[in-house]
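This report concerns only the one structure given below.
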Amino acid sequence: MTKRMRGNLLLLLTAFIWGVAFAAQSEGMKYVEPFTFMGVRSYLAGIVLLVFLGIRGVIEKRHKKDTSGVTAVKGAEDKTAEIVQERKGSGKILFLGGVCCGVILFTASMLQQIGIKYAPESGKAGFITALYIVLVPVCGVFIKKKVGAKVWLAVLIALCGMYLLCVTDGFTIAKGDIYLLLCALAYAVDILVVDYFSPKADGVAMSCIQFFVCGVLGTVGMFLMEQVEAAQIVKAWLPLVYAGVMSSGVGYTLQIVAQKDTEPTEASLIMSLESVFAVLGGWVLLGQILSVRELAGCALVFAAVILAQIPKRREAK
């Protein structure tokens, strides 16, 4: 198996993990409130990334030890030290990036969690959330990034899909769908903020900080706005562990590892299958079935997501 194929398979696994997470989030709302779910999930994700950082540190130290004192690999040793130094980055930038990304991620995730509470169809939630892929280039207009005709066509198709998904015969939109649409917009902003900070600091360390920031904010909201019951948290242990450990911790780590061996366009196209797995997960695990109208809306949204990720001919070359 080639590295590229292995990377694509790992990304497919990542999309599967993230898609099924919508079912876990929907199930978790039966036991705990959104702030509680978000807080516990984020702490679990942060712990997983701390373990990953520790393992990575040990591997780097061993590699440095193996190459030290050997003239033939002195260049490799210097390169390794340079990479390590780059990963460390500025402590101030790392902390600032982690906090900024954490606040925005918390906002996006809370909007999603509240939306799932009022609109528990996990497949529908997955497709609405996937709109962030179309919204990222549109939001880029405000920071003077060019948007081509292909993206505007994708936006038009996505709007048609959202009409079928969210607007009822009485021309009203459900409360949960509004939260999910705001969630997609918040995730688009999060992508742009991560894009700004990630070249300046260690991505994994910054993500670890952002998850703990989400955990702290979730804890504050939990005690201020919800009634905390330890027994209910225990009942929700399986959705919490899956969403925290698998979706956030393992899923993020797999994405980092896999994207080293695959092309960016291939990676984004494979990971867009998250919304498809969300529908399948809701159907298999929770028995949720979307109407023909909603399925047609999902198909249009998915087409818009794919169209938005296809590179221009010049970029492809």
* Using a Gaussian network model of the chain whose springs link C-alpha atoms within less than 10 Å, name the residue from Cys139, Cys183, Cys214 with the highest mean-square fluctuation. => Cys139
* Most mobile of Val234, Val213, Val301 per a Gaussian network model of the chain (Cα springs, under 10 Å)? -> Val234
* Using only Cα atoms, locate the centre of region 233-251 and the centre of region 180-202, then give the distance between them in Å, rounded to an integer. => 23
* **Filter on Lys92/Lys144; Lys3/Lys146; Lys3/Lys64 - keep pairs with C-alpha separation over 31 Å** => Lys3/Lys146
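How high is the relative contact order of the chain? Use alpha-carbon pairs under 8 Å, at least six apart in sequence, and give a whole percent.
Dividing the mean separation by the residue count of the chain yields 44 percent.
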* Place the peptides 194-205, 36-47 in order of packing, highest mean first, counting for every residue the other Cβ atoms within 10 Å and averaging per peptide. => 36-47, 194-205
* region 22-53-region 116-132 distance, computed between alpha-carbon centres (Å) -> 17
* Asked: Pick from Ile209, Ile270, Ile143: which is most flexible by mean-square fluctuation in a GNM of the chain where alpha carbon atoms under 10 Å apart are linked?
  -> Ile143
* To do: For region 212-217, just list the computed ³J(HN,Hα) in residue order, Karplus coefficients 6.51, -1.76 and 1.60, θ = phi - 60°, integers in Hz, with x standing in for Gly and Pro.
  => 5, 4, 4, x, 5, 5
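For region 182-230, what is the accessible area per residue in Å² when the probe is 1.4 Å?
Values: 2310 Å² over 49 residues.
Here the per-residue accessible area is 47 Å².
In this model, which of Lys117/Lys235; Lys124/Lys145; Lys124/Lys175; Lys30/Lys175; Lys30/Lys124 are farther than 22 Å apart at the alpha-carbon?
Numbers: Lys117/Lys235 17 Å; Lys124/Lys145 30 Å; Lys124/Lys175 14 Å; Lys30/Lys175 18 Å; Lys30/Lys124 18 Å.
In this structure, Lys124/Lys145 lie more than 22 Å apart at Cα.
If you keep only loop residues by DSSP, which GluC sites (Glu not before Pro) in region 207-300 have at most 13 other Cβ atoms within 10 Å of their Cβ?
On the way: sites: Glu226, Glu229, Glu266, Glu274, Glu294; in loops: Glu226, Glu229.
Loop-located and lightly packed - Glu229.
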* Structure fact -> Within the under-12-Å Cβ sphere about Ala119, not counting Ala119, Lys/Arg +1 and Asp/Glu -1 give a net charge of 0
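Can you give the local net charge around Leu290? Use residues other than it whose beta-carbon is closer than 14 angstrom to its beta-carbon, Lys and Arg +1, Asp and Glu -1.
Values: positive: Lys124, Arg293; negative: Glu121, Asp177, Glu294.
Net charge around Leu290: -1.
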* Overall form of region 109-263 per C-alpha gyration tensor (a/c, 1.5; a/b vs b/c) -> oblate
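Can you sort Trp283, Trp18 by solvent-accessible area, 1.4 Å probe, largest first? Mind dumping the intermediate values first?
Values: Trp283 145, Trp18 45 Å².
From most exposed to least exposed: Trp283, Trp18.
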* Asked: Across region 275-291, in residue order, what do the Karplus-derived ³J(HN,Hα) couplings come to in whole Hz, using 6.51 cos²θ - 1.76 cosθ + 1.60 with θ = phi - 60° and x for Gly and Pro?
  -> 5, 5, 5, 5, 5, 5, x, x, 6, 6, 8, 10, x, 7, 10, 7, 6
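The values are calculated or read from the model by the stated rules, or taken from the named source; none is laboratory data. Since this is a predicted model, take the numbers as computed values, not measurements. Note: ideal-geometry Cβ built from the backbone for every residue, glycine included; neighbour counts use all protein chains shown. For the accessible areas, the whole protein counts, side chains as well, though only heavy atoms, and no ligand, DNA or RNA atoms are used. Shrake-Rupley method; radii C 1.70, N 1.55, O 1.52, S 1.80 Å.
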